[in-house]
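Just so you know, all these numbers are worked out from the coordinates, no wet-lab data involved. Quick caveat, the model's predicted, so the values are computed rather than measured.
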């Protein structure tokens, strides 16, 4: 299904950049501070109401393997650094890259997002406001959101051409999240705009998930159902300001499974299935997250002359 | 993705973004670490105000913990406490780097329903996250554990063995 993604990527200059990115990840992971349990939700594309705890830094590496019609299959990845500034305000930096079979590996840019909870108490539906600045190229294949008339054929463009088209975009989302019994239902409405000019592009993402066991067992366990969350998400484009609708849009349906390892890291996996001819037939996503607590707080306390520990 | 170039609007948008973020950071700095740092290891004095239990609605305390005083629920709650709460409140719940001590009179006197409401909603303005992300059953288990803690509610000392076992087994 996926042919030779790694076959020729080793010869490319992008490999050195990937090495830098992973070196940075290793350096951050080796930072001397306490680890904490990753709080990542089960979804890859859909956002829920959960924000990062204040002072915690969550590091996630989320690769996606995609089958490409009319081009080389690709492996794209986003390195995500998520930080809780306040209990109601989370910021996240993404560094994106991809490797395409027969076409090399490239870093495709960065994204910087903020998520804010305007209501401080729980309601039957909880809104979260999201704003993101993206500076990426058309070679980006992380598919962290699907908007407008994004289709699989966009990713068949050779890297040397796609890398030349820079996209500086503002993305906003209205994130709505509800608890239906012990199910989580999250809906995202997306509006994205190239800062160079119109049109606005629209998209959606919907996710439904539930822990495999609701109550915890008394004893420690690794593979017990309480550590797993299963669900499904669906996402796609809704056209743009010039022609909203489903024509020339792509859509995906993706079962998700998250596993919280008792030692701290969280793993997620999700095969996403394209729902129409404009979509990739299949995307395989996986993610690993690790959380560092008190990142930055100690230094701020020292600067104030307070006790650091 | 729209495919157009042009630097000036991007630079202007970046500048606006930086200004907005700067303003927010300034507000955050004025507010300081309020909830997080103010708690610290400061002990129980004034903890009631910081815990924010005064904001619990009148109907919330009527809810009853479905697990009651089940030893299994207390043990599971101890495990969950270490996993989710100890990072801020300390392993023994007596205050940590970011969260206040949970050994306060106000907390000891609170009903399970009031604690459940508070755990569900958190106190975002003071740094306490909402825990609605945990299934309700696990929130009740945490409350069962909190109310069994040594030095806390009636009957706590009798359950101390269960509590100690749960605490050490999952550390």
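For the range A:83-122, what number results from the quotient of the Cα radius of gyration and 2.2 N^0.38 Å?
Taking the Cα Rg and dividing by 2.2 N^0.38 Å, one obtains 1.82.
State, as an integer percentage, the relative contact order of the range A:128-261 based on alpha-carbon contacts under 8 Å between residues 6 or more apart.
25 percent
Let me know the shape class of the range A:243-296, please: from the alpha-carbon gyration tensor, a ≥ b ≥ c as square roots of the eigenvalues, rounded when a/c is under 1.5, otherwise prolate if a/b is greater than b/c, or oblate.
Numbers: a/c = 4.55, a/b = 2.27, b/c = 2.00.
In terms of gyration-tensor shape, prolate.
So what are the three principal axis dimensions of the range A:168-256 from its Cα atoms, in whole Å, longest to shortest?
57, 24, 22
Find the relative contact order for the range A:31-178 and round it to a whole percent, using C-alpha pairs within less than 8 Å whose residues are 6+ positions apart.
The value is 22 percent.
Against the 2.2 N^0.38 Å scaling, with N counting residues, where does the range B:63-120 land? I'd like the Cα-based Rg ratio to two decimal places.
Relative to the rule-of-thumb radius for its length, the range B:63-120 sits at 1.15.
Given the range A:88-223, what whole percent of its Cα pairs are spread farther than 24 Å? Walk me through the numbers on the way to the answer.
Values: 4103 of 9180 pairs.
So the pairs more than 24 Å apart make up 45 percent of the total in the range A:88-223.
With the contact rule set at Cα under 8 Å and sequence spacing of 6 or more, what percent relative contact order holds for the range A:91-177?
Working: 154 pairs, mean separation 27.7, N = 87.
Relative contact order, the range A:91-177: 32 percent.
Would you please classify the overall shape of the range A:44-136 from the alpha carbon gyration tensor, given that a ≥ b ≥ c denote the square roots of the eigenvalues, rounded means a/c under 1.5, and beyond that prolate means a/b larger than b/c while oblate covers the rest? Walk me through the numbers on the way to the answer.
Working: a/c = 3.01, a/b = 2.25, b/c = 1.34.
Prolate, since a/c reaches 1.5 and a/b exceeds b/c.
Taking only the alpha-carbon positions of the range A:93-167 and ignoring solvent, what does the Debye formula give for the base-10 log of I(q)/I(0) at q = 0.15, 0.19, 0.28 Å⁻¹?
The Debye formula, applied to the Cα set alone, gives -0.60, -0.81, -1.37.
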